[in-house]
Amino acid sequence: MLPYIVKRVLGMIPSLIIISFITFFVIQLPPGDFVTSVQSQVASSGGGMDATTVEALRVRYGLDQPQVVQYWRWIKGFPTGDFGYSLEWSAPVWDVIATRMGWTLLLSGLALVFMWVVSIPIGVYSATHQYSIGDNIFSFLGFLGLSIPDFLLSLIWLVVGTLVLGIPAYGLFSPEMADAPWSLAKFLDLLKHLWAPVIIMGIIGTAELIRIMRGSLLDVLNQQYVTTARAKGLHEKKVIKKYAVRMAINPLISVLGMQIPKMISSSIIVGLVLSIPTVGPIFLRSLISQDMYLAGVILLFMAVMLLVSNLLADLVLAWIDPRIRYE
Amino acid sequence: MKNEEKNYLLTIKDLVVHFHTLEGIVRALEGVSLHLEQGKTLGLVGESGCGKSVTAHSILRLLPPKLCKIKGGEILFRQRDSAEPIDLAKVDPQSDLIRSIRGHEIAMIFQEPMTSLAPIYTVGDQIMEAIMLHRQVSPEQARESAMEMLKAVALAENVVDEYPYRLSGGQRQRAMTAMALSCNPSLLIADEPTTALDVTIQAQILELLMSLQKEFNMAILMITHNLGVIAEMADEVAVMYLGRVVESGAIEQVLGNPLHPYTIGLLKSLPKMGDQTNRRLAPIPGSVPDPLAKVEGCPFHLRCPVYKQKGCDGKELPSVVEPEPGHLVRCVLYY
Amino acid sequence: MQDFKGTAQRITDLYNQQDLSDESIAQQMLQSEQTAEATSQWRLMWRKFKRNRTAVIGGVVVLLFYLTALFGDFVAPYSLEDRMTQYSYLPPQKIRFIADGRFQPHVYGLKSGRDPLTLQRTYVPDPEHKIPIRFFVEGSPYKLMGLFPTNRHLFGVEEGIVSILGTDGQGRDMFSRIIKGSQISLTVGLVGVALSLLIGAVLGVASGYYGGWVDNLVQRGIEIVRSFPPIPLWMALTAALPQHWPPLLTYFVITVILSLIGWTWLARQLRGKVLAIREEDFIMAARLAGASDRWIIFRHLIPATFSHIVVISTLSMPSMILAESSLSFLGLGIRPPLTSWGVLLKQAQNTQVLLLYPWLMIPGFFVAISILAFNFMGDGLRDAADPYTV
Amino acid sequence: MTEDTIILEVNKLTKHFPIYRGFLRKVVGSVQALNDVSFSVKKQETLGIVGESGCGKTTLARVMLRAYEPTSGEVLFNQDGEMINVFSLKKAELKRLRRNIQIIFQDPLSSLNPRKTVLEIIGEPLLIHGVAHGQELKSRVCELLKMVGLSVNHLDRYPNAFSGGQRQRIAIARALALQPQVVLCDEPVSALDVSIQAQIINLLQDLQKDLGLTYLFISHDLSVVEHISDRVAVMYLGSIVELAPSSPLYQRPRHPYTEALLSATPTIDPATRKKRIILPGELPNPSNPPPGCKFHTRCTYAQDVCKTTVPAWEEISPGHWTACHRAKELELRGVGELKSSG
């Protein structure tokens, strides 16, 4: 197992380099740079900037250097935890995104857990009761879940929660708790705010996983070894659990790698609508204001997260499936 | 059917099984009768779609319950410690009773050695599971027995910790056999156990089955389309066509002196090895009818070279006659 | 019992004598075999698709949506920019069908006032003032399908306002705007999928058929594109579009951006199919009969993958529609004055506005319904696409 | 019955499939599918090739047709009295050659495009070579259908409307469309039921007689091969180990592997249950074949020399070739003896 892990981790390095390169390129795409966008801001508020100030700003931020140099200056600090400087926030990028990254990961993680906990039992039920009423209902709900975009769900929740149920449907904390020190009450308050966004983020994924689980389990149930297990005299429940579900779960793990980036994408939109401090809102802002290092680091982080989650999915697969492990 | 008093281990009487598919009803079995003595081998032979595999799966009630219905007939099986046979056709396929028989008193091996063992558990795991399910033993003892069984099927002991995908087809079929025999069943159902294997490996497995049969004194229900395999293995043989047994009897009787036009046609279709006369094969014309079609009268009359002689295309299925003791044939020509 | 051995011998002789020349075998086979009728692939697919009721419903809804979009100016009572400022933030009106004991669809006239506390404008329906809804009324002029100038609309009122889905802050009819928005939202998917298809099909088929380094190169490319999470990458790319670009150009560039990422999935799926079909013996048979690569690709491979292309395109429509509406919702996609469902939803982004005027999120339901319909239809198509593997 | 002109000659044909690993697709080894295979086929005879799975018989057929390029060796075809090497042909010449050598596959399901009608399937080779089109094509296809015992009413049907045997007939009709001289039959009856198998074998034999065809008949079924072949080659792990007219090969084999194969094949004669020779072990991995005689790991007669030295391919009696160090001294049992000794 260890050589496999080492091999896979080393294999990620070229991808990382290419990704950082593309990220930098993409961030540089917009015409003009941060200084031009500052300029236009100043201009719109009635002020003006003379050419020397503009030039001085450019030099200060290193924007006058060739692209390769700028790329190098940006990238070289990464191994030491220096992710550059946010021009807009006038603070190190890391300080700007650290806590938001934390919330993003927490929400995504919880949504992931929600998806798995809900989808596996339903998928198993649907497959073992194929074409039953229950299966049909779940299939329909699954389709529905698959089709309702997360922003719509957030909007619905905002309206229904606030206007119908009369509970605060946005933010992470009630206003009075926001600045309070950590306590049990604050934690409970957090939970009260947290569950809805978690479900909203998880719903599309849940619907997807149910479908995958159902299909995969139906496949596996037709396999000869399931009949073998039955012919042995095993209880049907055990046959399903030990032989069918255990094998059918493999494709779920392979999509795990795909689910995590989707969660992150979703956290951007849900965060924006429900005013939750994920990286989403500042990512959008940094893109618009061309705060390139901030936007770049966030994009890069997301790409790395995708790489890492794919790696994790592969490792889990290798861990549970000996055929992959020994290849 | 004279010998009904005889203590057969397994007696199947007029078994009828229908499949309810989206396209319609497939009459998989339309009255199958068989019997098998303790310690003997019964060969069940026929072309694809004749229902031989369905018969085998019906005995252990392994057919998908929603799709397949046993419409009638009995499957009488004599359990080890009881005088009265039980009717497996009436047993709930999810019940404890059938589960205590599966793998314990009746074991089964399958056609596809590549997929009949779960790929993610070791061979030992899967054998030990069967042992611990039916015998009151500790895991250590179960592992001991598993290793003994592997030795009995001429596999190395360390195969116990191997995953199935590391074994060849022949080795897997051996491991499968070890698992099937681990609880000393009185009946082994072998569903095309060598079809996917090469002849030299097939010879190994057949040899193995025969020696294990002697050692464990078990009966074997051997299902195959290969008449040669039957000739080598079986004591009795039943020839199936379209869900019915058309001829049965001792192997010498059926293969040496075939009576039913279908059996005769099958034998005439086979090139005989070492036969230097270079005769032309005399095949059965046409092919097996569509499984959804309902064939009335003798199932074979559509392809029979002597057909329509005595109205075998009527409504009635020809009844069974016994021209010589133990040799049964279902054909109007022998009335 | 008669001489059974004699009977058996007679049967054997019959087998031997019967000179089963091929002609007589053919005769017998014709008698004994039922052969299914001639059914082509498409007939089989259609038969299978028809059986799936939800898929058919999905298909009908999709068709309806596109027809509505095509005749959008006719179906919508108002044009995109018809502002009725006196009716800003009007909640959806209720349509009543029975007036004075007979069928006469109508809406109530409105009395507007101001909430004394919040100073919000309020509307009170006046049951006494029935405004009948007329069909094929004259309204603002437009060109039907961009060709025939006319001013007839499917329905409308001669006085007051009919607004079944409410109005926005500038008094623009949401229903009319949603219908106009569907023209963008639904075509972004179409154009995007078409572009993806072009890239994906060429690369996928090439990669699957030729294998070797072509395959390797395409696969590496796909891996790199896919190592970015799509929405953030889309955001970054669309944010790079200059603000001063004309909206139509932005629209086209956005479809290009969407398809730049969307093709990877398509290519992978197609490659898998092509790999599977390539291994079939009938391809080998054609090659060994002397067929050229061109012959095989155009006569066997593409016809065989065609049904899969249809399925894969249908199934990638939802993600295109979703991506466009998400981006426009975030303000990075389609820009006014062009309108899409996402653009309309942008107004709902403001929590306070949304809570006061919840009907502003109705465009979101159209996104959901269109995605649902495409998913249903695609699912049915997928099941029907391979009529040969039951 | 057969003329003695050689129509097809295979010389030292070798095919190794490289095994690729890793990102850069480095070659880390090779599967030795064919090793130094040589034989020749006479006009209008049937040469049977028999062996177990993985012995390279299918690869042989496909390399001969140049579906894959060989690693080395040559295949010569007698085209109007001139022996031409299949592997040195240019595209156009190769296309011309394909009219003369055709193939029938094992799986009649996979070998017919389910989306095409019978007319399109059988007519495809004619179209490719521009032999016929339109009404002429139709009448040619009808002739072919009649030839293989199918009704002309079947012209517009799709393969899914036919049974396995009928599909194989369609495949045969397609193979014969261009009036080839040689047909490679790659397990043409293995997927069929016994009764259908006999129909197809008879059909193949009749067609051979009527059209003067030459067959290369590949199968794992020894009795079928014996029945249809004039001469038989036995393959093991990518090499031919024995080649002889079928009667001597089956009655008095000269290679231990042939003996074991004959012995392992079950026969339906219930009177005699024979004494089997059970080969120990399994087929070695073709990417790492054993040194010396490749069969020595399973051979009951193996001696030290077999483990180190590759046996020579020798003509041990007229027309009877084998590659075994002990071919001259061993008294191996054929079909007849195997039976009686039981």
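The values are calculated or read from the model by the stated rules, or taken from the named source; none is laboratory data. Source: prediction; values computed, not measured. Glycine gets a Cβ as well: all are built from the backbone with ideal geometry, and neighbour counts include every protein chain shown. The protein model used for the area step is the full one, side chains on, heavy atoms only, and it has no ligands, DNA or RNA in it. Shrake-Rupley method; radii C 1.70, N 1.55, O 1.52, S 1.80 Å.
Odds and ends about this structure:
- Condition broken by A:Glu88, with the remaining ones in (1) modelled with pLDDT of 75 or more; (2) out of contact with any helix residue (DSSP H, G or I) (no Cβ under 8 Å at 6 or more places or on another chain) satisfied: (2)
- Once the stretch D:217-227 is narrowed to residues that are in contact with a Leu (Cβ under 9 Å, 6 or more places away or on another chain) and open to solvent by 10 Å² or more (accessible area, probe 1.4 Å), the residue that is farthest from D:Phe295 (Cα to Cα) is D:His227.
- Output for the stretch D:256-296, where each listed residue is farther than 17 Å from D:Glu329 by Cα, crowded, with 20+ Cβ neighbours inside 10 Å and either more than 14 Å from chain B (Cβ to nearest Cβ) or of a type in the set (S, T, N, Q) (or both): D:Ser263, D:Thr265, D:Thr267, D:Lys294
- Of the helices (runs of 4 or more DSSP H) contained entirely in the stretch C:238-348, those carrying at least 2 residues that are among the aliphatic types (A, V, I, L, M) fall at C:247-278, C:281-288, C:302-330, C:341-346.
For every residue, the table says whether it meets (1) open to solvent by 30 Å² or more (accessible area, probe 1.4 Å); (2) of a type in the set (Asp, Glu); (3) more than 11 Å from chain C (Cβ to nearest Cβ).
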site	(1), (2), (3)
A:Thr228	no, no, yes
A:His235	yes, no, yes
A:Met247	no, no, yes
A:Gly257	no, no, no
A:Ile269	no, no, no
A:Gly280	no, no, no
A:Leu300	no, no, no
A:Leu307	no, no, no
A:Ala313	no, no, yes
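- Total residues in the stretch B:143-189, condition in a loop (DSSP other than H, G, I, E, B) and either in contact with a helix residue (DSSP H, G or I) (Cβ under 7 Å, 6 or more places away or on another chain) or of a type in the set (S, T, N, Q) (or both): 11
- Search result, residues across the stretch D:97-115 that are farther than 19 Å from D:Leu204 by Cα, open to solvent by 30 Å² or more (accessible area, probe 1.4 Å) and at pLDDT 90 or above: none
- Subset tally (residues that are in contact with a Lys or Arg (Cβ under 9 Å, 6 or more places away or on another chain), open to solvent by less than 30 Å² (accessible area, probe 1.4 Å) and either farther than 14 Å from C:Trp263 by Cβ or outside the structural domain of C:His308 (by TED's automatic domain parsing) (or both)) for the stretch C:190-230: 5
- Subset tally (residues that are more than 14 Å from chain C (Cβ to nearest Cβ) and touching a residue at least 60 places away in the same chain (Cβ under 8 Å)) for the stretch D:78-115: 2
- Among (1) in the same structural domain as A:Leu294 (by TED's automatic domain parsing); (2) touching a residue at least 12 places away in the same chain (Cβ under 8 Å), the one test that A:Gly134 misses: (2)
- The residues on offer are B:Ala196, B:Ala231, B:Ala250, and the sole one that is under 30 Å from B:Ser168 (Cα atoms), surrounded by fewer than 22 Cβ atoms within 10 Å (Cβ to Cβ) and at the interface with chain D (Cβ under 10 Å from one of its Cβ atoms) is B:Ala196.
- Residue match in the stretch B:277-289 (condition: touching a Pro at 6+ places or on another chain (Cβ under 6 Å) and open to solvent by 10 Å² or more (accessible area, probe 1.4 Å)): no
Here's the yes/no breakdown for (1) open to solvent by 40 Å² or more (accessible area, probe 1.4 Å); (2) in a loop (DSSP other than H, G, I, E, B); (3) among the polar types (S, T, N, Q):
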{"site": "D:Leu127", "(1), (2), (3)": "yes, no, no"}
{"site": "D:Glu136", "(1), (2), (3)": "yes, no, no"}
{"site": "D:Gly149", "(1), (2), (3)": "no, yes, no"}
{"site": "D:His154", "(1), (2), (3)": "no, no, no"}
{"site": "D:Gly165", "(1), (2), (3)": "no, no, no"}
{"site": "D:Ile170", "(1), (2), (3)": "no, no, no"}
{"site": "D:Leu192", "(1), (2), (3)": "no, yes, no"}
{"site": "D:Asn202", "(1), (2), (3)": "no, no, yes"}
{"site": "D:Tyr215", "(1), (2), (3)": "no, no, no"}
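- Selection within the stretch D:64-80 - buried (at least 16 other Cβ atoms within 10 Å of the Cβ) and either more than 19 Å from D:Gln181 (Cβ to Cβ) or not assigned by TED's automatic domain parsing to the domain that holds D:Ile49 (or both): D:Pro70, D:Thr71, D:Gly73
- Qualifying residue in the stretch B:74-83 (condition: polar (S, T, N, Q) and modelled with pLDDT of 90 or more): no
- Considering the conditions (1) in contact with a strand residue (DSSP E or B) (Cβ under 6 Å, 6 or more places away or on another chain); (2) assigned to a helix (DSSP H, G or I), D:Gln102 is excluded by exactly one of them, (2).
- Qualifying positions in the stretch C:43-54 - of a type outside the set (D, E, K, R) and either touching a Leu at 6+ places or on another chain (Cβ under 7 Å) or free of Cβ contacts under 8 Å to residues at least 24 places away in the same chain (or both): C:Phe49
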